[in-house]
Amino acid sequence: MKIYIAIVSLLFFTPLLAQEDWKLKKDKDDIKIYTKSIDSSKIKAYKVQMTVKSSLNTVKEIILDGDQLHNWNYKAIDSKLLSKSSENKHLVWMALDLPWPLRNRDVVILLTTRRITKDALRIDIMAASDAYPILDDYLRITYFEGYWLLEQKDDMVKITHQMHGDPSGNLPSWFVNSTITRAPYYNFLALKEKVQ
């Protein structure tokens, strides 16, 4: 059952039109994970936060390194940078391995970086499914959106990652919602190890 979580880890969700407040669902290893219901979806959004000893640029470069994303994203088996149209726009493909009888998933992600202040930047995440051919071995995830927010204070970086989406296929929403904190937790554990 844990493997099914791979779908959720990839979705890079951002909540839209939600009515309720964020609810803390997991607080472990200095990683906090919140969930929130979304008016337009049966699947919840999630938000993850942690603070690490690192630099803004180090964290940004790891997040934007499309060729290495699979090394720290939970259950990801492959990833690659498809294109870099500018310093601010990266197009990335990533694949997830799921157990039989589920089909493996893949996703095409547009990452757009913008500086907010000298000590803060945001990386917006959007689905770009049509930007790369459909592959027979994968079921393409076509709806997701979210962001990364990186904020530097002295030698620490606060990382916030917020996401909402639909993993595609016939996974029931109750199942996706019941497992929504596990993949982000493992992603952030792996990210922490890379950036510190």
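Some values worked out for this structure:
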item	result
(i) 9, 39, 38, 13, 1; (ii) 8, 27, 30, 23, 9, 2, 0; (iii) 9, 33, 30, 18, 8, 2, 0, with the label sought being that of the calculated P(r) over Cα pairs in 10 Å bins from 0, in percent	(i)
Order of W22, W72, W100, W174 - criterion: other Cβ atoms within 10 Å of each residue's Cβ, fewest first	W100, W174, W22, W72
Gaussian network model of the chain, springs between alpha carbon atoms under 10 Å - residue of K118, K84, K53 with greatest fluctuation	K118
Cα centroid separation - the stretch 80-143 against the stretch 61-75, whole Å	11
Rounded to the nearest 20 debye, dipole of the chain from Cβ charges on Lys, Arg, Asp, Glu	420
Selected from S40, S79, S168 as most flexible by GNM, with the chain as the system and alpha-carbon contacts under 10 Å	S40
GNM result for the chain, Cα springs below 10 Å: residue of S85, S41, S129 fluctuating most strongly	S85
Sorted by Cβ density within 10 Å, fewest first, the residues M156, M126, M50	M156, M126, M50
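Read-outs: derived from the displayed coordinates by stated rules, not from any lab. Note that the coordinates shown come from a computational prediction; the quantities given were computed from them, not determined experimentally. FYI the Cβ positions are ideal-geometry reconstructions off the backbone, even for glycines, and counts take in every protein chain you see.
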